[in-house]
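Notes for the one structure printed next.
None of the figures in this text is laboratory data; all of them are computed from the coordinates on show. Being a predicted model, the structure only gives us computed values, none of them experimental. Note that each Cβ is placed from the backbone with ideal geometry, even for glycine, and that neighbours are counted across all protein chains shown.
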Amino acid sequence: MSDKDTTHFGYKEVDTGAKAGLVADVFHSVASRYDLMNDLMSAGIHRVWKRFTIELSGVRSGNAVLDIAGGTGDLAARFADIVGPTGRVVLADINDSMLKVGRDKLLDNGRLGNLEFVQADAQYLPFPDDSFDCVTIAFGLRNVTDKDLALRSMLRVLKPGGRLLVLEFSKPDNPLLSKAYDTYSFRVLPVMGRVVANDADSYQYLAESIRMHPDQETLKDMMEDAGFTRCEYHNMTGGVVALHKGTKAQ
Amino acid sequence: MATVIDPALHTAVFAALERVINRALELAPANRQELDSLADCVFALHCTAPEVEVYLQPGNGRLRLMGYYDGVVTTSVRGTASDFAELATAADPTAALINGRLELNGDSAPLIELQKIISTLDIDWEAPLVEVLGDVAGHQLAQFLRGAYSWGRQASSGLGRQLEEFIHEEARLCPPRLELEDFYRDVQQLGLRVDRLQSRAQRLRKRLRQLRE
């Protein structure tokens, strides 16, 4: 068996085929407290990061939007308001627990009509070619087993001229901030996870998976290799999070 | 090199501002309806001092504030913060746009409409007070506040008028506006005459030089 058959799950090396199941277990475990933990861990700043993603998406009335790894539907809810009744928003997630939480939340808030919910793997998106004006994936790409395959799949479903936005944790550009961020991730986060969600391991995985995720420049290169053009990224909160944008050539 | 502001920072500021504006609009239903007539218009405001860029998009009775927008803009305005403040508070926005130092691109009519809606924002403070205090106490307090606000507005405008009269007529500390405008017009005309004289003198000097050669 070659080395290609293993991949990372946080700092651990696991069989490629096993990663999806392990990631699924993490999200089954945190789904019910996902929103609360996000607010606590980021002090609410994740809402600002997502708002900037929406601004940069350039989504307009009547557009078709695919939100991959949409989780509890923060982006999908806002997109549904923007695209209006003539538009279409698909909230996709590989994890059924997350999808159920997201679907219930959106329906309970009266959002329906232009919203669809699909359980889908980002690597093999079950949509025809050239279907969406915009594809977003927020805090999901680092959990995907084969990121290149997923990026190519996203390119395929985008319409020519469509935009992909990848919002993901990244590498802080300031060494001092980087040190403080490490301390926070490995000392505070697991404790917070244990106290609030009764699950320290999942939040330990979160910190590890962020460190294993490609940095800003590497991800930009990966997007270009997948076939995206006009690739760029914006660092937010000192590079703790980066928003990558790429366009499908006309 | 220009300092790059962290997008998270200005996005957070715009989010807070948008929340306040939309809360105020919720309490001003007439203005909200008027705002809907501008749906799909996008206004770009480029402030040069301090350097800030904001895009305003009305729709669904709300106003959306964005730091980035890559689509077609209806009206684009460039100027300093004080120029924008002048426009926002102007009684006659058309005159403020023509005479002011703002640089305008695109359709000015929707911008004037937006300015009118903002400057005539009629907020019904009674609704949130009644929600918290109940019908009777809320209405009483709202009536008292309305009276106090109306008295304050009348008093401040009366005081302003009297102060202006005292400065111009009694103490003669400053000339009246019309006199001052007249003076500026004379100065402008004098400046134009001087420019013409200067160019005439240059032409004569040039001709003298040609004759000598």
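For the range A:180-242, the fraction of C-alpha pairs farther apart than 15 angstrom is 61 percent.
Scaling against 2.2 N^0.38 Å puts the C-alpha radius of gyration of chain B at 1.49.
Treat the count of other C-beta atoms within 10 Å as a stand-in for reagent exposure and order B:Ser76, A:Ser153, B:Ser119 from fewest to most.
B:Ser119, B:Ser76, A:Ser153
Remark: the range B:119-162 is approximated by an ellipsoid whose semi-axes, taken from the C-alpha gyration tensor as √(5λ), come to 26, 12, 5 Å, largest first. Put simply, the convex hull of the Cα atoms in the range B:47-144 casts, on average, a shadow of 8.6 nm².
Comparing mean-square fluctuations of A:Pro128, A:Pro172, A:Pro190 from a GNM of chain A with C-alpha springs under 10 Å, the top value falls on A:Pro128.
For A:Thr86, A:Thr72, the sequence from fewest to most other C-beta atoms within 10 Å is A:Thr86, A:Thr72. Taking every Cα-Cα distance in the range A:120-216 and sorting them into 10 Å bins from zero, the calculated P(r) comes out as 15, 35, 27, 18, 4 percent. The range B:147-213 and the range A:172-189 have their alpha-carbon centroids 60 Å apart.
With 0.36 nm allotted per residue and the present C-alpha distance subtracted, the B:Phe166-B:Asp186 stretch has 4.6 nm of extension available.
Between the range B:60-91 and the range A:130-151, the alpha-carbon centres lie 35 Å apart. For the options B:Asp182, B:Asp83, B:Asp92, a Gaussian network treatment of chain B with springs between C-alpha atoms closer than 10 Å singles out B:Asp182 as fluctuating the most.
Can you compute the equivalent ellipsoid semi-axes for the range A:47-130, i.e. the square root of 5 times each eigenvalue of the Cα gyration tensor, sorted largest first and rounded to whole Å?
Over the Cα atoms of the range A:47-130, the semi-axes work out to 18, 15, 13 Å.
Suppose R0 equals 30 Å; then what is the FRET efficiency for A:Ala200 and A:Tyr124 from their Cβ-Cβ distance, rounded to the nearest 0.05? Calculated transfer efficiency: 0.40. Model label points for B:Arg193 and B:Val20, set 7 angstrom from Cα along the Cα-to-Cβ axis, are 5.1 nm apart. Convex hull volume per residue, computed on the Cα atoms of the range A:1-144, equals 123 Å³. Give the separation of the Cα centroids, the range B:1-56 to the range A:12-38, in Å. If we compute the Cα centre of each part, the gap is 38 Å.
Hydrodynamic analysis of the protein assembly as shown uses the Kirkwood radius over alpha carbon pairs. Inserted into Stokes-Einstein at 20 °C and 1.002 mPa s, it gives a translational diffusion coefficient of 81 µm²/s. Both the radius of gyration and Dmax for chain A are 17.3, 52 Å, in that order, over alpha-carbon atoms. Of B:Glu103, B:Glu113, B:Glu181, which is the most mobile in a GNM of chain B whose springs link Cα atoms less than 10 angstrom apart? Sorting by GNM fluctuation, first place goes to B:Glu181.
So, in nm, how far is label A:Asn174 from label B:Glu179 when the simple model puts each one 7 Å beyond its Cα toward the Cβ? Label at A:Asn174, label at B:Glu179, 5.7 nm between them.
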